[in-house]
Structures are given as structure tokens and as C-alpha cells.
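The values are calculated or read from the model by the stated rules, or taken from the named source; none is laboratory data. Quick caveat: nothing in here was measured; it's all calculated off a predicted structure. Positions of Cβ are generated from backbone atoms using ideal geometry, with glycine treated the same way; all protein chains shown enter the neighbour counts.
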Amino acid sequence: MKTIQPELNFNLKNFNTYKLSSIADVAYIPNTIEELVDVLKNLDNFVILGAGSNVILSTTGIKTPVILTHKLNKIEIAENIVSVECGVKSAYLSKIVAENSLSGFEFLAPIPSFIGGAIYMNASAHGQAI
């Protein structure tokens, strides 16, 4: 697979909850898990940025390559098995699971993250954790 082309001098303003303007020298925006894996195989040092709800970005910019996960947002539900990519918003996942008559994800509704970050940070609310 050919590595996706990076975005150069990419403004991360729309990728953090404080809307701080921070320029990434290099940003990768994978559309598929395969593209993400390919990028990860080809980088030694990187930062992954999901919803940007638990970070404060430097207004002087980011020299380390940034990988944005917002396009990795597929959800599949087969009976009671839920498969989710890392770029799905936690609140949206909670809603979709409920609409499919499944439970256990309600606590994610108020958490302003993507599911990848929620798992990485062990998000919790109301006595439940992911």
C-alpha cells in the first residue's frame, strides 16, 4: 500500500476543544485502518490527536508528525457485538448503541472524546469506566 500524503503546515484549530490555532509541520489524516497502520509503520515518532478534548496545543506549533483520527469513524453492530473505530465520538456511540437496544454505554454520553482516546485514557463517569 502506498503511504498517504501528509498535509504540510496544517492548522489544528478545528481539532481541539479550545480552538487554539496550532500549526502541525506535518499531519496525516488516514481514511482507513489500513492507512493508519501504514502511517504508523513508517513513523518513528508521532502524536495521535483524536477529539482534542484532553489536550492544550502549543500556539508555537507542533514539530512532531500528527496523526488525526476523525475519519476513522465506522461502527458495526452484529447482534450484541459492537465494533468501533477509534474516531467515533463517545456520545455518538452511546446513542447508536441505545438505538440498537443495547446497554452499558450510557456513561459515555457526557464524555467529549473519541472512543480511541476514551480507551487510552480509561474514561469514566458515574462509577463506570471503559
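A compact table of results
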quantity: Test set (1) out of contact with any Lys or Arg (no Cβ under 6 Å at 6 or more places or on another chain); (2) closer than 29 Å to E7 by Cα; (3) surrounded by fewer than 17 Cβ atoms within 10 Å (Cβ to Cβ) - G50 fails condition number; calculated: (3)
quantity: Search result, residues across the range 66-80 that are assigned to a strand (DSSP E or B) and in contact (Cβ under 8 Å) with a residue 12 or more places away in the chain; calculated: V66, I67, L68, I75, I77
quantity: Of residues in the range 112-130 being assigned to a strand (DSSP E or B) and surrounded by 14 or more Cβ atoms within 10 Å (Cβ to Cβ), the one modelled with the highest pLDDT; calculated: F114
quantity: Criterion violated by T32 - all others in (1) within 22 Å of L8 (Cβ to Cβ); (2) of a type in the set (V, I, T); (3) surrounded by fewer than 13 Cβ atoms within 10 Å (Cβ to Cβ) satisfied; calculated: (3)
quantity: Test: V26 is surrounded by 15 or more Cβ atoms within 10 Å (Cβ to Cβ) and more than 26 Å from S90 (Cα to Cα); calculated: yes
quantity: Evaluation of N80 against (1) in contact with a helix residue (DSSP H, G or I) (Cβ under 9 Å, 6 or more places away or on another chain); (2) surrounded by fewer than 19 Cβ atoms within 10 Å (Cβ to Cβ); (3) farther than 20 Å from A24 by Cα (one fails), failing number; calculated: (1)
quantity: Test result for L72, surrounded by 13 or more Cβ atoms within 10 Å (Cβ to Cβ) and modelled with pLDDT of 95 or more; calculated: yes
quantity: Output for the range 12-49, where each listed residue is more than 15 Å from H70 (Cα to Cα) and assigned to a strand (DSSP E or B); calculated: I23, A24, D25, V26
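Residue by residue, here is whether (1) closer than 28 Å to L12 by Cα; (2) in contact (Cβ under 8 Å) with a residue 12 or more places away in the chain; (3) assigned by TED's automatic domain parsing to the domain that holds S22; (4) not in a loop (DSSP other than H, G, I, E, B) holds:
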position: S58; (1), (2), (3), (4): yes, yes, yes, no
position: T64; (1), (2), (3), (4): yes, yes, yes, no
position: V82; (1), (2), (3), (4): no, yes, no, yes
position: G87; (1), (2), (3), (4): yes, yes, no, no
position: A91; (1), (2), (3), (4): yes, yes, no, yes
position: S94; (1), (2), (3), (4): yes, yes, no, yes
position: V97; (1), (2), (3), (4): no, yes, no, yes
position: S101; (1), (2), (3), (4): no, no, no, no
position: P110; (1), (2), (3), (4): yes, yes, no, no
